[in-house]
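**Q** Once you've had a glance at the structure underneath, I'll fire off some questions.
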Amino acid sequence: MIWLMAGALLAMAGLNAPLALCALSIAAYQGAIEPRAPLQWLGEPWFIGLTFALLIIQLLADLYFVPITVRDRSYLNPYRTHNNYLHARVQSLYRPLAGAVIAAALPLPLADWIAAIAGWSIAMGGYWLSAWIREYVAVMRGAIVLLTIETLKNALLLSVAMLVFWLPPLALLLIVALVAPVVGWTLRLKQEYTRALIDGGQRVSEDPRVVRSD
């Protein structure tokens, strides 16, 4: 069962790092899981408060910062697109780091450094998958659809966080139910985008009808 917990938490870290850390911290505080000795502080009340504050910031950032190549960039505040690159850089470090900490803290039958490397790699894969989805949805469907997907993602992950230490198989199933159809839909968007360019369509940045805001 510990492997299912680890899988659910690492998948969650790749999609929403502070939520995964917050879930682990609360479980450690309540005694549902015993972190390895060097990382006992993960269950301290101050760390729970810190992860909860970071979670609120993460939820707001996901809704505010959007990729720059969006169809509707003409009405977006420039800072929401320009600062998206900073947001992406932070997430590309933050999520794998959270995955490494989570994997090293869990009592897995692995050396802590091996678990940390595995956690980093899995969370990094989750981050790049989510970044790829954000980019194609922004290009092909615009910011409104992207923000709707982000809201649904975070809402489902909140449910996963409540289940991960009690029903790990169901938690993993919910994550797959979230990711799999969105990945399939994004692959279709990628095909549409490729066909449009082959047929003579323009990239958004080359379309003279798009009012540039920079």
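Every read-out reported here was derived from the displayed coordinates using simple, explicitly stated rules and does not represent laboratory data. Not measured: the values here are computed from a predicted model. Here Cβ is always computed from backbone atoms with ideal geometry, including for glycine, and neighbour counts include all displayed protein chains.
**Q** Highest mean first, what order results for 160-170, 81-91 on Cβ atoms within 10 Å?
**A** By packing density, highest mean first, the sequence is 160-170, 81-91.
**Q** Compute, for the chain, the length of the dipole vector about the Cα centre, with Cβ point charges of +1 (Lys, Arg) and -1 (Asp, Glu) only. Units Debye, rounded to 20.
**A** About 480 debye.
**Q** Per residue, how big is the convex hull of region 56-133 when only Cα atoms are used? Give it in Å³.
**A** It comes to 86 Å³ per residue, whole-number rounded.
**Q** Something else: Expressed as a fraction of 2.2 N^0.38 Å, the rule-of-thumb size for a compact globular protein of N residues, what is the C-alpha radius of gyration of the chain?
**A** Taking N as the residue count of the chain, the ratio is 1.11.
**Q** Related question: Which value at 222 nm does the chain reach when only helices count, each DSSP H run of 4 or more adding -39,500 (n - 2.57), with the total divided by all residues and rounded to the nearest 500 deg cm²/dmol?
**A** Details: 8 runs with 157 residues, N = 214.
Rounded to the nearest 500, it is -25000 deg cm²/dmol.
**Q** Between the helical axis of 84-105 and the dominant principal axis of the chain, each derived from Cα atoms, what acute angle in degrees is found, rounded to the nearest 10?
**A** 20
**Q** To make sure I understand, if each residue's beta carbon is the centre and we count other beta carbons within 10 Å, what order do 130, 25 fall in, fewest to most? All intermediate terms of the calculation are to be shown ahead of the outcome.
**A** On the way: 130 20, 25 25.
Fewest-to-most ranking of 130, 25: 130, 25.
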